[in-house]
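The values are calculated or read from the model by the stated rules, or taken from the named source; none is laboratory data. As the structure is a prediction and not an experimental result, all values here were calculated from the model. In this analysis, Cβ positions are derived from the backbone assuming ideal geometry, glycine residues included, and neighbour counts consider all displayed protein chains.
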Amino acid sequence: MQANGPTAPPDPQALLGTWHLLRWEIAYSDGRPSTLPFGPDATGLIVYTGDGTMSACIARAARPALSGQSTRTVPEAERLAAFESYFQYAGRFHTRWHEGRAQVVHQVSHALNPSFVGSEQVRNMDFGAESSLTLSASDPLPGSTTVLRHHRLIWQRRPAS
């Protein structure tokens, strides 16, 4: 690394492939206990392709099946529970250095939450031992102007079977 930091973006090739979620944890700047938004056994995938596309999904484990075949015909409470137990978005991605950190920027074009479409989701990225990738970001706690949430998602490549 140069004294003023790297000038070329981090190599996006290091991200290519499929990563499996190991843990999603949120720490809080006010010292309250950390939380696991979808529980300790959440599942998820994030996929980065050679053409610059990414897709991520995370789900609470053991989500109950809907009472009908179509989300259009099941009770509203079931639809809400399904929406609240699943997170997904996809789009283009690129890497960069920002303030001395390697980052990946997800340019969201598709998402379960329509408010994500058109946004840029910036994640600090750190590669670790045993084929792991940690993506992290901070944002304000909804409804607060002083408390920050620090998201840390740990992903791992699995050998091809």
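For residue 83, only one of the following conditions fails: (1) surrounded by 17 or more Cβ atoms within 10 Å (Cβ to Cβ); (2) in contact (Cβ under 8 Å) with a residue 24 or more places away in the chain. What is its number?
Here residue 83 clears every test but (1).
Here are the criteria: (1) modelled with pLDDT of 95 or more; (2) part of a strand (DSSP E or B). Tell me which single one residue 139 does not satisfy.
Looking at each condition in turn, residue 139 falls short on (1).
With respect to residue 131, is the statement that it is surrounded by 13 or more Cβ atoms within 10 Å (Cβ to Cβ), at pLDDT 95 or above and not β-branched (Val, Ile, Thr) true?
Taking the combined requirement at face value, the residue does not satisfy it.
So the check is Cβ under 6 Å with 6+ separation or different chains; which pairs have a first residue in the range 128-152 that's touching a residue at least 12 places away in the same chain (Cβ under 8 Å) and closer than 30 Å to residue 18 by Cβ and a second one that's charged (D, E, K, R) and surrounded by 13 or more Cβ atoms within 10 Å (Cβ to Cβ)?
Qualifying pairs under 6 Å: 131/157; 134/126; 135/123; 136/152; 137/123; 139/149; 152/25.
Do any residues in the range 8-30 that are without any contact (Cβ under 8 Å) to a residue 60 or more places away in the chain have Cβ atoms under 9 Å from those of residues that are exposed (fewer than 15 other Cβ atoms within 10 Å of the Cβ), where the two are at least six apart or on different chains, and which pairs are they?
If the second residue must be exposed (fewer than 15 other Cβ atoms within 10 Å of the Cβ), the pairs left are 13/50; 16/49; 16/50.
Rundown of residues vs (1) surrounded by 11 or more Cβ atoms within 10 Å (Cβ to Cβ); (2) touching a strand residue (DSSP E or B) at 6+ places or on another chain (Cβ under 9 Å), yes/no style:
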{"residue": "78", "(1), (2)": "yes, no"}
{"residue": "89", "(1), (2)": "yes, yes"}
{"residue": "98", "(1), (2)": "yes, yes"}
{"residue": "104", "(1), (2)": "yes, yes"}
{"residue": "114", "(1), (2)": "no, no"}
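In the range 120-136, which residues are of a type in the set (S, T, N, Q) and part of a strand (DSSP E or B)?
Correct list: 121, 124, 132, 134, 136.
Which of the residues that make up the range 143-160 are within 18 Å of the chain's Cα centre (by Cα) and of a type outside the set (S, T, N, Q)?
148, 149, 150, 151, 152, 153, 154, 155, 157, 158
Can you confirm whether the range 112-119 contains a residue that is in a loop (DSSP other than H, G, I, E, B), of a type in the set (Ser, Thr, Tyr), free of Cβ contacts under 8 Å to residues at least 40 places away in the same chain and farther than 21 Å from residue 38 by Cα?
Scanning the range 112-119 turns up at least one residue that is in a loop (DSSP other than H, G, I, E, B), of a type in the set (Ser, Thr, Tyr), free of Cβ contacts under 8 Å to residues at least 40 places away in the same chain and farther than 21 Å from residue 38 by Cα.
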